[in-house]
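See structure below.
The values are calculated or read from the model by the stated rules, or taken from the named source; none is laboratory data. Keep in mind the model is a prediction, meaning the values are calculated, not measured. Using ideal geometry, Cβ is built from the backbone for each residue, glycine included, and neighbour counts are taken over all protein chains shown. Heads up: the accessible areas ignore ligands, DNA and RNA and are worked out on the full protein's heavy atoms, side chains in. Shrake-Rupley method; radii C 1.70, N 1.55, O 1.52, S 1.80 Å.
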Amino acid sequence: MLTVENLHKSFGGVNAINGIDLKFDAGTLTAIIGPNGAGKTSFFNLITGAFAPDQGRILFGTDDIAGLSSPDIVKRGIGRAFQIASIFPSLTVRETILGAVNAHRGWHTKLRRRFPLGEANAQADEVMELVGLTAKADKLSGNLSHGDQKLLDIALALALEPRVLLLDEPTAGMGPEERWQMIDTVHKLWQRKQMTLIFIEHDMDIVFKYAQTIRVLSYGAVLAEGKPDEIRNHPKVIEAYLGTAYEKGRG
Amino acid sequence: MDPQALLTCLSTASCVITQTTGGLISGMLLFLVAAGLSLIFGTLKVVNFMHGSLYMLGAYFAYTLYTATGNFTIAVVGAALGVGLFGLVFERLFMSRVYNTDVLMQLLVCYGFILILDDAVKIIWGAEFLSMGMPAAFQRPPIMIAGGILPVYYLFLIGVTLGVALLLGLLLTRTRAGKIVRAAAVNPTMTSALGINTALVFGGVFALGGLLAGLSGALAAPVRSMVAGMGFSILIESFIVTVIGGMGSIGGALVGALLIGLVRSFGTIGFPLFTEGVMFLFMTLVLITKPSGLFGKEH
Amino acid sequence: MTDTQRTRRNRRGFIKAAGALTASGLAFPYVARAQDKPIRIGVPTILSGRVAQLGISSRNALQIEVDKFNAAGGLNGRKLEIIARDSKGKPDEAANNTRQLINGDGCEIIISAESSAGAFAVQEVIRELKVLCIHTNSETSSLSADPKIRVPTAFRTARQGIHDAIVSAAYAGNVAKAKGLKTWMTCSPDYAYGRDNTSLFLEYMKRFHPEIEMVGEAWPKLFQADYTENITKILQAKPQALYSCLWAGDLVSFLDQSGIYNLFAQTTLFAINMADYTTLTAVKNLPAGIHSSSRYLKTFPAVPENAAWGDAYKAKFGDYPTNWSWENSLAMTFLTTALRKVNSTDGAKLADAIRGMKVKSPFGADGTVTMRAEDQTTIGYAIGWGTTISKEPYVPSVTPGDWKSILEHEAEWKKKMGFA
Amino acid sequence: MRSTVWLDIVIAAAAMAVLLLLPLVFPGKAFSDFMIRLSAFAIFATSLNLLVGYTGLVSFGHGLFYGLGAYSFALMMQKLGTSIPVAFIATVGVSAAVATVVGAICIRLKEIYFSFLTLAFQMLLHSVIIAWTPLTGGDQGLTGGVPRPPFLGIRLDDPQHLYIFCSAVLVVSLYIMWHLVRSPFGYTMRMIRDNPRRAEFLGVRVWRVRLLAFVVAGVFGSIGGLLMSLFVSSAYPDFAYWTVSGEAVFMILMGGISVFFGPLVGAVMLLLLNDVVTRVTEHYSLMLGIIILCFALGLRKGLLGFVLWAWERRRAGAQ
C-alpha cells in the first residue's frame, strides 16, 4: 500500500529523517512510536507533501508520490489529522465536514451551485455519525471541547474517504478516560472503513493494546519494527527508549 | 525622463557630491522616523500607521518650545521627550488594546488618531502653515567640500542622526534593556514567563519609537514649514523605507532611508516626474523577491 | 488674533457644530422653498488639510460681503446665506458636495472656492444642473477659455493663468535685460497648475526675450517636505535667475531650505506666489529682493478702498486676507449686482446679467473689473510685479501689468490653442 | 436546492422593486445622488470583503481596482467613443486580466507582506496616473466629462436613468457575490481564511482559490469605480489612492466584517456620516477619528454584526 524507501530530509543542516525504509500493508493498523524529536511528525509531513524529501521514494501503490504537493497527495487517498487539532474555528461542524466532502469530490471551486450540494449531505451525515458528532452538527467548531475538536479533525480526514489515514497523536492532551474513548472510536473506524491506519502515539498502553504492528523511530531512523510482543522484548528498544515507559506500563 | 542629464551629472564630481549629500540629508530625517517604525514593528508586530503624526507633533512641539524659550536645544530635546511620552500614553491606553485583534483593528486605531491629531493641531496651532526659522547658531554660510556645498545645519543634522543611529545600535545589542527588547520581539510569551514585564517593554519601545519620530520632526522644524497633515508624506516614505530595509531591522532602515534619499536626489535629475513611482516600484520589487526586506530576517 | 482666542473660537464653533450634528441626526435634509427663505449660496471649498487656510479665507471674504448685502436689506427682504462645505481638496468630493448643496440643501447659487482640480469637477456638475456658478480660485486657463469645458452658467473671477504668464514674462524679461540675467531655471510643483503655469511662463519668456537661456528645471512634488535635492540641482546648474510657482507652505519650506544653501546669493528668485500676506509673514528672515507677482497686497492697487477692505478683514478675522479672499469678494460684487438687477436666482437670467458686466471694484486695475462676455472670465483686475523687502509693506512698489498687451497676446494664444 | 435559488432571485427582484419605488418616498435629487454613490461604494466594499472577510486576504490595495475601473471605463468612453455596454464589459475584462497578474504575484506572500504588496501595486498605479499626464490628465483628472451615449433606450446622462442603472448594477452585483459566498467555492474561501494549511490537506489548491477570489473581488471592485466615474463624469487619481482602500476597510469594519451585508451597511453609515458631519462642522476629521476609535475599541463586530449577534443571543436566551 505505502512503501517508503531510503527517505532523507534535513532542515538547516539537521538531519530530521535519516534514511527510513518502511512498508505498510493495506488494511493494517500501525503505531509509530519514538522519543520526542525522533522525526515522527516530520515523517508524516514528508508523506503528505508538506515538505519534499531530499532523497528517497514514497510509493503509494506503485506511484512515487515523493515531491508532489499536498493537495495532489491527498487526492490520491492519503488523509491526515494533526497533533494539535487543525480545524476551521468559524465554521460549524456540519459546514466543516461538508467543506471537506466538497473538496474531496472536486466541487470546492464550484460557483454555480448552492452550498451544500445535496449529495454531499448524506456523506457528511455519515461521517459525523462515525465520529459521534451528529448532535453537535450546528455548533461552531471553535467552541467545541478539545476532544471533540480532535474528533472533528479526524472526521475531516475521513470525509476524504482515504485509503491511508495518518493520525498524529489522536489522544494528545486528553484525560485518561477520554483517551480510551478516543482510541476506541479510532479503532472502530479502522474496522468499519477497512483502511490502512498509521498513528503516532505516546501512550504505550494504547499502543500495545491496539496496534497490529509497531514501528519505532529514533534520530530519524527506524530503530525497530514488529508485532507488539516483539517490540516489547526488543533489546534495542528497551535500551534506547522503552525501558521506563515499559516499567510504568507494567506497574 | 532625462537619462542624458543623469549621465552628465554622474560624470561630474561636484554634481555627484552635492546630490549625494542632498540625498543623505533627506534620508537622515527619514531614517529617524523609519527606525522608530521599524523598531515598533520588530518588537510589537504592529504597523504604527500614525507614526507620521508623531513626526508632526515633534515639529509643532519644537515650534512652541522654541518660540517660548528661544533655545533650540530645549526645543529639540523637549519635543522629542514630549512625543516619546505621548507615544507611551497612546500605546498603553489605545494600541495595547488591539494587539490580539487582527491587523485591520490596529490600522483603524492608527487611522483614527491620524485624523484626530491632524484636526487637533489645526485647532491648537491654527490652519495656516508655520515656520520656525533657523536658530542663530546655524545662520552662517555653507561649507564647500570638493566643489559640493554643505550647509552647516545639515552637517549638524547628519552628525546628530548618525549619533542616534549608533546609540540605538548599542542600546539594542549591548545593553540588558536591548536584549530584553530583542527577546520580547522573538518570543513575547517566553519573555513574560521569564518574569519580564512585557507591557513595560512594549510601552518603552513605543515611547522610544515616538521619541525618534519626535526628534526627527523637531530637527526638521527649522527647515520645513509646518501644517496639519504634514505627517502624511513622511509616513508613506518611511513606510517604503522600512519595507525595503526590512521590518524590524534598524540597519535596514538606515540603508533604506539613504537609498530612498539617493533615489530622490538623483531621480530629480534623471526622471523628475516619476521619483515617487520609482520608490513604489522599488518597494514592489523588494517585496516580490524578498518579502522580509533587504535586511529583514525570514520567518 | 492670539492663539488662545483662535483656540477658543474654534472650540466654540466645534461645540456648536457637535450640537447641530446631534440635532440633525442622520436624516436627509429637505428644504422647503419659500419666498421669505434666505437665498442660499453653496460654497464647495477646502476647509481641511494643508490648504485649509485658503478655503477659510475664501469663506471669510464671502461672509463679509454677505453681511454687507443683508445689512442693506437683502434682495427684497430675502437674505443671503452662505453654506460652505469641505471637499478636503478631493475633486470627487467637490463634485458630490456641489450636487448636495444644490439638490439637498436647496442652494440656488454656487460659488466654487475650489482649487483647479475641484473646479473642473464642479464645472461638470454645473453643466448638468445649470445653476449660476462662479469659480473664484481656479487659475487654470482652459476652465473658461476652452469652449469644450466652458459652461453657460459658470463664470470665473479668479486671475487667469494666461494673464499671469504674459505679465510675468514681460516683467521678468525686463528685469533680466536690465540686470543681465541670461541663464534661467525653473522650480515648480509637479501638478497641473505648476506645469501649466511654468510652461506658459517659459513660452512667453522665449517670445519676449529670445536671448534667455534655459539651463534646467526642477519638479518637486506638491506638498513635498524636503526640497534639498531640488536645491542642490539648482546649485549645480548655477542659473542667474530662477522662476518658481511654488506657493504657501511649500514656498516657505523652499525658501528656508534654499536660505541655508545661500542659493539667493548667486540666483535671483522670481516667485510668482510670494506676495501674499500669509506667505510673506510665515517666512522667518524674509530675504529682500525676491520678485513676485501681486497675489493680494493692500497697497496694490494703491486706492483707499483696497486698503480699507484689507484692514476690515484683518480687524474681523485677525489675519490679512489672501489672494483667494479678494477673488471671492469680487465674485460677490458681480453676484449681488446681478441679483439686484434681475431680481431672481434663476441661473440663466443671472448668467445673462453677469455676462459682459463691468463693476466698480477696489481690485480693478482702473477701479473696475469686467466679466468678459465671450469666455465668462474677468479681465482688468489689478495685476503686477514687484520686489520684496523684509517688513511691511513687503512689496513697496508694484509695476502693474499692461492690460492692452495682455489682451492682445491672450487673443493670439487662444487662436493658437484653437479656443477662438 | 433549486427552490432556494428561486427564492434568492425573488428577493433580489423585490430589492430592485423597492429601489425603484424609493424615489417616490424621497423625491429629491439628493436621494438619488446618494444612492448612486452608495451603489459604487457598496459594491466596492463588499468586493473587498470577499478578500478580507471571507478569504482572509487583508488587501490594503483594493483601490487599485476602483481606480482601474474608473479610468479604463472613462478613458474608453472618452478616447475610443465606444458604447457603454462595450466599455463596461471591456473594463471588466481589463480588471480581470490585471487582477490575475497582480493576484498571482501578491498571493504568494504571507499576511502583512501580502497587504504591503497590494498597497505597493495600488500606489504604483497612482503614480502612473499622476505621471502619465497626456493620457490621464495627471492630478487634474480627466477633464471635459465622460460621454454617456444612450444604449437600449437607457440614457445615463439623465439622473433618473442613472439611478435605475446603478441600482440594477448594485442588486445584480450583490446578488452574484451573495450567491458566490454561499456556493461551495464560498465555503472553500472561508476554510482558507480559517486555516489554509488544513485546507491544503483536504486537497484544496489554496493558491488557486485565493487567486480566483482575488480576481472576482478585483472585477467587482472595478465595477464600483466604473459607477463612480459615471456619476462624477470623470476619473480622478484619488480613486486609486490608498485612502480609497482605507475607506472601504472602514466601511467593512463599521458594518461588520463577518456579515455579508456588513459592508453595505457600513457604506450607508460612512456616506451618511460624511454628508452630515461635513454639513455641520469643518472638524470632520476629528469627529470621524473619534467614531473610528469607538468602532476599533468598542464595537468590533460592526453595527450589523452586533445587531445580529445581539439578536441571536436574545433568541438563544428565550429558548
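Around residue A:135, under 11 Å between beta carbons, what's the net of Lys plus Arg minus Asp minus Glu among the other residues?
Within the 11 Å Cβ shell, the charges total -1.
In deg cm²/dmol, rounded to 500, what helix-only [θ] at 222 nm does the protein assembly as shown give when every DSSP H run of at least 4 residues adds -39500 (n - 2.57) and the total is split over its residues?
Values: 50 runs with 745 residues, N = 1289.
The helix contribution divided over the protein assembly as shown gives -19000 deg cm²/dmol.
Find how many whole Å separate the alpha carbon centroid of the range C:226-285 from the alpha carbon centroid of the range D:220-236.
Cα centroid to Cα centroid, the span is 39 Å.
Using only alpha carbon pairs under 8 Å that are at least six residues apart, calculate the relative contact order of the range B:3-289 and give it in whole percent.
About 41 percent, as a whole number.
With only Lys, Arg, Asp and Glu charged, each at its Cβ (+1 for the first two, -1 for the last two), find how big the charge dipole of chain C is about the Cα centre; round to the nearest 20 debye.
840
Among A:139, A:188, A:209, which one moves the most in a GNM of chain A with springs linking Cα atoms closer than 10 Å?
Looking only at A:139, A:188, A:209, the largest GNM fluctuation is found for A:209.
Show me D:65-72, D:232-239 ranked by packing, highest mean number of other Cβ atoms within 10 Å first.
By packing density, highest mean first, the sequence is D:65-72, D:232-239.
Just how large is the dipole of chain A about the Cα centre, in debye to the nearest 20, putting +1 at every Lys and Arg Cβ and -1 at every Asp and Glu Cβ?
Working: 28 positive and 29 negative charges, 115 e Å.
With only Lys, Arg, Asp and Glu charged at Cβ, the dipole is about 560 debye.
Return the lysines within reach of residue C:341: Cα separation strictly under 26 angstrom, same-chain partners fewer than 8 residues apart disregarded; answer none if there are no such residues.
Of all the lysines, those that pass the test against residue C:341 - Cα under 26 Å, at least 8 places apart if same chain - are C:37, C:68, C:79, C:130, C:349, C:358, C:360.
Within the range C:343-420, which GluC sites (Glu not before Pro) sit in a loop by DSSP and count at most 16 neighbouring Cβ atoms inside 10 Å? If you can, show how the numbers build up before the last one.
Values: sites: C:374, C:408, C:410, C:412; in loops: C:374.
Counting only loop positions with at most 16 other Cβ atoms within 10 Å, the GluC sites (Glu not before Pro) in the range C:343-420 are C:374.
For the pair residue A:191/residue D:294, report the inter-label distance in nm, with labels modelled 7 Å from Cα in the Cβ direction.
About 6.2 nm separates the two model spin labels.
Given the options B:251, B:84, B:163, which has the most mean-square fluctuation in a GNM of chain B, springs set between C-alpha atoms less than 10 angstrom apart?
B:163
Just to be sure I understand the model, the point goes 7 Å from the Cα along the line to the Cβ. What's the resulting residue A:205 to residue B:74 distance in nm?
Using points 7 Å along Cα→Cβ, the separation is 7.8 nm.
How large, in percent, is the carbon and sulfur part of the accessible surface of the protein assembly as shown at a probe radius of 1.4 Å?
61
What is the distance, in nm, between label points placed 7 Å from the Cα along the Cα-to-Cβ direction at residue B:13 and at residue C:374?
Each label point lies 7 Å from its Cα, and together they span 6.0 nm.
Relative contact order for the range D:2-241: what percent, with Cα pairs under 8 Å and sequence separation of 6 or more? Walk me through the numbers before you get to the answer.
Details: 341 pairs, mean separation 101.8, N = 240.
Relative contact order for the range D:2-241 comes out at 42 percent.
Ranked highest first by average number of other Cβ atoms within 10 Å, how do C:133-145, D:105-117, C:64-76 line up?
The peptides rank, most packed first, as C:133-145, D:105-117, C:64-76.
For helix C:403-417, report the angle its Cα long axis makes with the longest principal axis of the Cα atoms of chain C; keep it between 0 and 90° and round to the nearest 10°.
So the helix axis and the longest Cα principal axis differ by about 90 degrees.
Pick out, from C:218, C:244, C:145, the residue whose Cα sits farthest towards the positive end of the charge dipole of the protein assembly as shown, with +1 on the Cβ of Lys and Arg and -1 on the Cβ of Asp and Glu.
C:145
Give the cross-link partners of residue A:40 among the lysines, using a straight C-alpha distance below 22 Å as the criterion and excluding same-chain residues fewer than 8 apart.
A:9, A:23, A:150, A:209, A:227, A:236
In peptide D:247-254, how many Cβ atoms from other protein chains are near each Cβ within 10 Å, on average?
2
Which of D:25, B:64, A:41 sits farthest toward the positive end of the charge dipole of the protein assembly as shown, with +1 on the Cβ of Lys and Arg and -1 on the Cβ of Asp and Glu?
D:25
Using a 10 Å cut-off around each Cβ of peptide D:178-186, what is the average number of partner chain Cβ atoms that fall inside?
Going residue by residue through D:178-186 and averaging, the value is 6.
Subtract the Cα-Cα distance of residue B:199 and residue B:144 from 0.36 nm times their separation in residues, and report this length gain in nm to one decimal.
Stretched fully, the residue B:199-residue B:144 segment lengthens by 14.9 nm.
How high is the FRET efficiency between residue D:160 and residue D:97 when r is their beta carbon distance and R₀ equals 41 Å, given to the nearest 0.05?
It comes to 0.75.
Between residue C:264 and residue A:3, what FRET efficiency follows from the Cβ-Cβ distance if R0 is 56 Å, with the result rounded to 0.05?
Details: r = 84 Å, r/R0 = 1.50.
Efficiency for this residue pair is about 0.10.
Per residue, how much accessible surface does the protein assembly as shown expose to a 1.4 Å probe? Answer in Å², no decimals.
36
Pop the C-beta distance of residue C:420 and residue C:344 into the FRET formula with R0 = 51 Å and round what comes out to the nearest 0.05.
With R0 = 51 Å, the Cβ-Cβ based efficiency is 0.95.
Is there a simple number for the mean count of other chain Cβ atoms within 10 Å of the Cβ of residues in C:121-134, and what is it? All intermediate terms of the calculation are to be shown ahead of the outcome.
Values: counts 7, 0, 5, 8, 3, 0, 3, 5, 2, 0, 0, 0, 0, 0.
Taking all residues of C:121-134 together, the mean is 2.
Just to confirm the number: angle between the C-alpha axis of helix A:93-104 and the first principal axis of chain A, 0 to 90 degrees, nearest 10?
Helix A:93-104 sits at roughly 80 degrees to that axis.
Which residue, C:202, C:255, C:235, tops the fluctuation ranking in a GNM of chain C built on C-alpha contacts under 10 Å?
Maximum among the listed residues: C:235.
Among C:174-187, D:194-207, how do they line up from the highest to the lowest mean number of other beta-carbon atoms within 10 Å?
Working: C:174-187: 17.4, D:194-207: 21.9.
The packing order, highest mean first, is D:194-207, C:174-187.
Do any cysteines in chain B lack another Cys Cβ under 4.7 Å, and if so which?
So, B:110.
Suppose every K and R has +1 on its Cβ and every D and E has -1 on its Cβ; what is the size of the dipole of the range A:53-165 about the Cα centre, in Debye to the nearest 20?
Approximately 320 debye in magnitude.
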